[in-house]
Structure formats: structure tokens, C-alpha cells
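Following: one structure in C-alpha cells, then a few remarks.
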Amino acid sequence: SLSDVKNVVTSLSEPGVSPALHYWLNHLRVFGEDTSQVTSDLNLAFVLRWDIDFSPGANPPLPSLTGFSLTDLSALSLAPVGTSPYGTHYRNFAPRVGGAYQLLANQNWGLVLRGGFGVFYGLVNTEIENAGGGAYPQGGFALFFGADFPTSPQVAALPPIVPPSASNGQTLFGFDPNLNAPYALQWDVALEQSLGKAQSFTVSYIGASDRRLLSSESVSNPNPNYAAATLVANTGTSNYNAMQAQFRRALSSGLQALVSYTWSHSIDNGSYGAYANGSFADSSANRGSSDFDIRQIFSAALTYQVPGLKRNVISRAITDGWSTENIIQVHSAPPIDIKDGNFSALSQQNVSVLIRPDTVPGEPLYVYGPEYPGGKALNPAAFTDPPVDPATGLPTRQGDLGRNQLRAFGLTEWDFAIHREFPIHESVRLQFSAELFNVLNHPNFGLFNNTFQSGNAFFGQATTMQNQLGGNPGWGVQSSLYASGGPRSTQLALKLIF
């Protein structure tokens, strides 16, 4: 019986959260806009927004910090109860301007120049919910070692909510008191050329510069008073530049098409705000291509309504109502961030850091051959541990391999569908569909195993297909059955439209 099972639980963690946990978050957005037709060929639009994120409220109150510094945490401490976690900023104005100028006023060969610039503010409170995950004063956390199973009433009891300290192991969570809303500067220029009545070609340049992005950092022993701290500050930055070309054909003579190509580069010092990786003190240490950076993307969508034969009733019955769809996607490879699994921190540093390896001069970074999935893999001989401090057994510096410097495999996929509609009544029709995904069954391999570590035989090799990268569908992730990059698959559908 379960009551006879003893001492099989090596450790047990248990969070406790205040049952009266409530937040109130207030935002004010005020804007005014105006449009002006300067000449018959030039139109301008102006917008001015005023964005205010008021200091958040909570019951129990959110943790507030004092002595916060990005370079020196020796004075870091909890502020007195009732202190606002960060202040309200009243100077976040967001002007925007856009315009269109008609260079050629020809019905079938018109040429239009468009452009715009704007300032856009994000929300400053998106990390607040993390404060309720077992952090004082809204929650507590207990860790028991060698607990019996079933547990005793003392272990089963919810842990008390007590201030974090160096002795109780609870993590100090808090925000930079000067936290402000992240913002983006965005601009674009586009030239659109008409190609007859139903077609157009557009080439665009798009740019963005994001500043004050929210990022979090985990710190061990920030000072003698705390065992660990998770801090949120405005240290994230990113830049994006892209050239886009697009051909568009409206439905005409049964053919509709949209073909686009994008060359772009996104750079940041920590994508998704999930980690800062030691960049609080040095924001350039982690700067590199974004985790989602795809340099080149080509896509095409073509729809064709097959003309039916009108000779007689039989030919119309057989050939009417057919249409086809084609979707083609070709993407270049996403980046890979290689981590040295032998280490988790730098010598004499108390920040949790993803350590990257050194590269070996003269060794190729990639190897090729049929023995590797997709015919390509990383070369293990091209990487080595960075120099190690004998006293601590930890690296003395970050590896010289840059963040997201290497690339995995791209994506090539052609999806095809054929439909036929059967009219039943004026507003009722039946549609039959046969859809084929990845018609050519092109193999699309996923990311490389990125952990450089002794004993990892799969380092540098693809171990999944691209449609398997999303995770568990139960977490809201798309099922691999419907994601791009999988093997060829077919589905049939019958739809009643009314």
C-alpha cells in the first residue's frame, strides 16, 4: 500500500500563494489625428498619442526594491511596505506621420510612393504576474529534502509567506524602481507600381529600433542578505531592417496570386525578454541575431478557377466548379545558439549565464555527409571549453563564439489543394476538398542539438523535423500534424456552405 512506501522522495517543492491575490492595472491612452490633402497628388496623415501606464496596485502589495543598480547589487534590499514598485511616467508621447504621393497618374501604369514614421509604446506591466509565483509578499516557497511519502502534516501544510533571506532560500523578486514602458521607433518607405488593372508590384524598406525592452536576470547571492534574486529592468534592445518585394494579382480571369520575398535581419540582446544572460552590466555581451531571425523568406499563393466546358449538360456537370490552390514556402535557416553544457556560470560572477564555447582555429564549423541527418551537422572538433579558473573550476570569460552565430536548416514546402463546389440552392452549396501538404515530401530537418558537452553524441545534429519544434499542443502550441515542415500528408474534406 502507499502507506508502506517510505523515504522514496528525495526532494519536494511546494509553493504557497496568498488566497487574496489581486492586481489592478490602469492605463490611459489619449490620441488625436488629422489628415491633409496638400495637393491633388500628396496626402498626409498625422497622429499624436499620449500613453500612460500608472503605477500598478496589488493586494498583497507588489515587492518594491531599494538600492537597485545594474552594476552593483551590494545595497539591494526590500523597500518599506507600501512603496510603489516603480513610478508613473507622464512623458511617453508617440507622434506618427504617414503620407502617399502619386508619381504617375495612369490608370493602368500608376506609380505611388508611400512612407511613414512612428513611435509606439508597449506595456510596462507584462512581467507583473511573475511576482505571484511564490515571491514575497504574495507567495512563499518551501523545499524539503528526504521527505517521506506520504508526507507528514507539517510538510503538507502550505509554506508561510515570509520575507526572503540568505537562510530560507527564497528568491527576492522585484523591478527596477525606474522601470518605464518599452518603445519602438518604426519607419517604412514603399514604391507601388500598377501593372494593368488587376496587378501591382511593390518594393519596400522597413526598419525598427526597439528600446527599453523588458528583460529579466537571475542572480545568485546578490549580497549577504539574499540567496538569490530575479530582477526586471529596461535593458533589452533590438533592431530590424528588411527589404520586401511583393507581386499581387486580384482575381481576374480565374487567377489570383500573391508572391512575396523578404530579406531581413533582426538583432537583439535577448529575444522574448526571457533572459538577459549577464547583460545587465554589459548590454553588448549578448547581442546577436534574434532567436527568430530568418534572413530570407519567399512565399507564393496561387488560386485558379478552372474554366468549365459549356458544350452540353454532361460536360458542364463534369467540369464546372473546380478550383486549385498552391502555397509555396521557402525559408532560409534559423540561428542556433550553442551552449557549453559543462558550465553554468563564470568564475567570480553571481549571474546565471549561458556559457558559449570557444572555436578552434582552422577547424570547419560544419561537416557534410550522408551519415548526418539532412547531410549537414556541426563539427564537434571546432569547439572547445573556454579557459577555466583552477580555483573555481569555472570559465574565466565567455566563449568567443557569438550568440546565434550558426545556422541550422531552412524550410522548403509546397502545399496543394483541389476543390469542387456543387450548387444545391441559391445560398447553399456543397464543397469537396482534397488537400496535400508537402507534395514533394521534401525533408525539413529541425534545429541542431545545441549542447556542447562531453558524452553528448548528438551534439550538432538535427534530431527532429521542423513540424516537431512547437512543443506540447496541450500548452496551446500547434499540433505537429498541422505545422509546416512535416512529411507529406493528405486530407479530404466535405463542407456545407450556407
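Rounded to the nearest Hz, the phi-derived 3J(HN,Hα) couplings of segment 390-399 under the Karplus curve 6.51 cos²θ - 1.76 cosθ + 1.60 (θ = phi - 60°) are x, 6, 10, x, 10, x, 7, 7, 6, x, where x marks glycine and proline. Applying the Karplus relation 6.51 cos²θ - 1.76 cosθ + 1.60 with θ = phi - 60° to segment 260-268 yields 3J(HN,Hα) values of 9, 9, 10, 10, 8, 8, 10, 10, 7 Hz, where x marks Gly and Pro.
How compact is the chain by the rule of thumb for globular proteins, expressed as Cα Rg over 2.2 N^0.38 Å?
On the way: Rg = 29.0 Å, N = 498, 2.2 N^0.38 = 23.3 Å.
The chain yields a ratio of 1.25.
The calculated FRET efficiency for residue 457 paired with residue 389, based on their beta-carbon distance and R0 = 35 Å, is about 0.75.
To the nearest 500 deg cm²/dmol, what mean residue ellipticity at 222 nm is calculated for the chain from DSSP H runs of n ≥ 4 alone, each contributing -39,500 (n - 2.57), summed and divided by the residues? Mind showing how you got there, number by number?
Details: 2 runs with 11 residues, N = 498.
Counting only the DSSP helices, I get -500 deg cm²/dmol.
Distances between placed amide hydrogens fall under 5 Å for residue 441 paired with 488, all partners being 5 or more residues away or on another chain.
Accessible area ranking (1.4 Å probe, heavy atoms, ligands and nucleic acids excluded), largest first, for 310, 197, 376, 495: 197, 310, 495, 376.
The values are calculated or read from the model by the stated rules, or taken from the named source; none is laboratory data. Just so it is clear, the structure is predicted and the values come from calculations on it, not from any experiment. Methodologically, a virtual Cβ is constructed for each residue, glycine included, from the backbone with ideal geometry; neighbour enumeration extends over all protein chains shown. SASA here: full protein model, heavy atoms, side chains in, ligands and nucleic acids out. Shrake-Rupley method; radii C 1.70, N 1.55, O 1.52, S 1.80 Å.
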